[in-house]
Amino acid sequence: MSSDMTVPGVEKSSSSTRSLLLDWGLVVLLVYLLLVAVSLIGTGFKAAAGENARTLFAFAVNPVAGLVIGTLATALIQSSSTVTSIIVGLVAGGLPVGIAIPMVMGANIGTTITNTIVSLGHVREGDEFRRAYAAATIHDFFNLLCVLIFLPLEIATGFLAKTGYMLAGFVEGAGSMSIKEYNVIKPIVKPAVHLVQDALQHGMTEMTAGATMIAGGILMIVVVITMLSRLLKKLMVGKAKEMLHKSVGRGPLSGLVSGTALTVFVQSSSTTTSLIVPLAGNGVFSLRQVYPFTLGANIGTCITAILAATAVTGPNAVFALEIAFVHLCYNVFGVVLVYGIPFLRNLPVMASERLAERTAQNKVYALAYIVAVFFLIPGTLIAFSHWLGL
Amino acid sequence: MLDTIKRREELEAKITDLETSLNTLKKQLREEVQKEQHRDIDHLEEYLDEVDHRYGNLRDFWGIVRKELRDFFARRKASDTNGGDSSA
């Protein structure tokens, strides 16, 4: 038999296996680049500003300013994973955790603009639009409610920072409970960061090299998470279907777990929350059925920043992990408190249903809502807090 | 007395029948809904495409909002003109 004879089916299957392996190889490479990018930001700040890095962030000491920065940055980039990873990098570079906490809360609000835009695709469909718009904005109202409850609590008690620090200590600290010795990420990220640092410091001043690393790191995070999310969507669509099929008819906890897992798989909370918009718009899933699913997205999105924080080295490594855990704790506590108490649980449902009814009658409400929640109210809050001298 | 007991038993039997029928109908409805949900989940790829093309939605939406705003100001202008005429 001649060796160049090929069987079409076998050739097709081996080429698809090759392409699958290539795709997964690319996923690994992108995750590695994400870790390098976050470390680059931290290293860049140390090179550019040294011990003065903290003073660079003085403009965001006002918690409302931090909240607004997080909201606007996420609304513009449309990815909370990207913004929280950048925040982790900034904390690694000297941004105090206290300033970063309102920023991650803002990231939760900012990310909700994506599914609101997706719901506008049903704008000509009457009842379908009303249902889709309610499914999109329930996430907004839940996140707004969480900020209203947790931001004043955090300012008064610092409980999120304390819990985050405790968890970070478990991973990064020097105590007997620490799992620091088992961290394999740092040793593989360090050489790449040093390589970039050495290359830049040859032809530039330390400050310019630092600034270039910061800008390059931020740009890299944006590009890498966008590519990663697109690739994972393609690779994980089958798994996502399987998971959704399993959660049908199983109650809110199953929805919450599915939303979390799906977001971890596709590395994008806005993809998860946007997927449920057409499902709810068709009327096949009710608003109360999709509600826990969107909350799972809040929890699942934290994994990117936690992963990114494990790569940070130096004295700020523990703070980088702290802010990543603060984000996780904030989202878990939010679900437990707001979804756990029936009165609070129903507020986002009622608010989104009412807004959707009004918007279905008059589309100008949707425009007014987006402008108000994502731009006008944040701007007014900043002006008001400055006036109060916060 | 016997009649009353018999009547009550008949009513109880009717209620049991109705409850059984209601439960069967509820189960059927739940199964129908779940079947529809599974069918919808099978279209997940299309919904993922919808997420990727969201900026097209904004253009479409903006066209509708502009039209609604134009109509609103036209109605206001018309009512102002009518009000002005009547007062003149």
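The values are calculated or read from the model by the stated rules, or taken from the named source; none is laboratory data. A quick note: this is a predicted structure, and the numbers were derived from the prediction, not measured. Note that we place each Cβ from the backbone using ideal geometry, even for glycine, and neighbour counts take in every protein chain shown.
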Filter the stretch A:244-289 down to the residues that are among the β-branched types (Val, Ile, Thr), surrounded by fewer than 24 Cβ atoms within 10 Å (Cβ to Cβ) and assigned to a helix (DSSP H, G or I) and list them by number.
A:257, A:264
Qualifying helices (runs of 4 or more DSSP H) (wholly inside the stretch A:290-369; at least 2 residues being aromatic (Phe, Trp, Tyr), more than 30 Å from residue A:131 (Cα to Cα) and within 21 Å of the chain's Cα centre (by Cα)):
A:317-334
Residue pairs qualifying under the 7 Å Cβ cut-off, at least six apart or on distinct chains, with the first in the stretch A:339-354 being within 13 Å of residue A:142 (Cβ to Cβ) and the second being crowded, with 16+ Cβ neighbours inside 10 Å and among the charged types (D, E, K, R), are A:339/A:345
Inspect all residues belonging to the stretch A:322-343 and state whether any of them is at negative phi, surrounded by 15 or more Cβ atoms within 10 Å (Cβ to Cβ), charged (D, E, K, R) and within 14 Å of chain B (Cβ to nearest Cβ).
no
Inspect the stretch A:355-372 for any residue being under 20 Å from residue A:146 (Cα atoms), within 14 Å of another protein chain (Cβ to nearest Cβ) and of a type outside the set (A, V, I, L, M) and give the result as yes or no.
yes
May I ask you to say which residue of B:2, B:48 is over 23 Å from residue A:365 (Cβ atoms), without any contact (Cβ under 8 Å) to a residue 12 or more places away in the chain and facing chain A (nearest Cβ under 7 Å)?
B:48
Inspect all residues belonging to the stretch A:137-149 and state whether any of them is surrounded by fewer than 20 Cβ atoms within 10 Å (Cβ to Cβ), within 14 Å of the chain's Cα centre (by Cα) and farther than 21 Å from residue A:325 by Cβ.
no
Might you let me know whether the stretch A:308-321 holds any residue that is closer than 19 Å to residue A:143 by Cα and modelled with pLDDT of 90 or more?
no
State all residues of the stretch A:261-278 that are touching a residue at least 40 places away in the same chain (Cβ under 8 Å) and under 25 Å from residue A:350 (Cβ atoms); if no residue qualifies, say none.
A:269, A:270, A:273, A:274, A:276, A:277, A:278
